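Enquirer: I have a structure I would like to understand better, so I am pasting it below and will then ask my questions one at a time.
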Amino acid sequence: ELTQIVDGDRVLKGLVHETQAILGKVLTSVDMDVLVGLYSYYNLPAHFIVTLIQYCVSIDKRSMAYIEKTAAAWMEQGVDANTVDAHVERLVRQRTAEAKIASAFGITGRKLVPKEKEMIGRWTGEYGFTLELIAFAYEISVERTGKLVFKYIDSILQSWHKKGIHTLEAAKEDARPAQNAKNGKNTRDYDLDRMNRMILDKLMKE
């Protein structure tokens, strides 16, 4: 039945060949069932499906079950044929940022947990911070806590974002609150530093 469906649709037939080429294997009957379902039941265009499969392969996820699950998640997020390319570009940028930040933080031997990925996504996406600025926040966190504390780094970056600080120079100036207060430049910075220490105490007790 699947063979008849595929043979009767030139686009689907081409999609099968393309999928096999991307995955580097001949599709099983179960694989074919998933692929036909994406195309016929979910009514996804060939470009969407090919882009989806290419992305999954790029993250070393080659099972059609994973591909189907990812397709469902993307559709739930509102991704369609017009936005799938941009969506994949965002995912690639996010994964690249996660890898670079994990390296800058000295994280080895484990994967980032979802909450950490969520924070990194906010830092690089919503806040638009560079790796250099995030690494500096990490340095401050280690100096004050003696270890990597994601929540504390997040509190630092949140405060910088709220204050419109988006350069390393401005961040370094903000990191010298006591000196600024002594010189009469900005006592609010000193108050913020005290608040950050209070946040740290709370985080360390959690």
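The values are calculated or read from the model by the stated rules, or taken from the named source; none is laboratory data. The model shown is predicted, which means the values in this text are computed figures rather than measured ones. As a convention, Cβ positions derive from the backbone with ideal geometry for all residues, glycine included, and neighbour counts pool all protein chains shown. Please note that ligands, DNA and RNA were not included when accessible areas were found on the heavy atoms of the full protein model with its side chains. Shrake-Rupley method; radii C 1.70, N 1.55, O 1.52, S 1.80 Å.
Enquirer: Of all helices (runs of 4 or more DSSP H) completely enclosed by region 32-140, which ones contain at least 3 residues that are more than 26 Å from Leu157 (Cα to Cα)?
Expert: 46-58, 64-76, 84-104
Enquirer: Does Met64 meet the test of being closer than 25 Å to Val16 by Cβ and not hydroxyl-bearing (Ser, Thr, Tyr)?
Expert: Taking the combined requirement at face value, the residue satisfies it.
Enquirer: Right, another one. Name the single residue that is most open to solvent (accessible area, probe 1.4 Å) among those in region 132-146 being under 19 Å from Glu169 (Cβ atoms) and among the small types (Gly, Ala, Ser).
Expert: Filtering region 132-146 for residues that are under 19 Å from Glu169 (Cβ atoms) and among the small types (Gly, Ala, Ser), the one most open to solvent (accessible area, probe 1.4 Å) comes out as Ala135.
Enquirer: Which residue is nearest to Tyr66 (Cα to Cα), if the candidates are limited to region 1-43 and must be open to solvent by 70 Å² or more (accessible area, probe 1.4 Å) and among the acidic types (Asp, Glu)?
Expert: Asp33
Enquirer: Identify, by number, the condition in (1) within 21 Å of the chain's Cα centre (by Cα); (2) over 20 Å from Thr124 (Cβ atoms) that Ala86 doesn't meet.
Expert: (2)
Enquirer: Out of all the residues in region 115-129, is one or more among the aliphatic types (A, V, I, L, M), surrounded by 14 or more Cβ atoms within 10 Å (Cβ to Cβ) and at pLDDT 95 or above?
Expert: Yes, the conditions are met somewhere in region 115-129.
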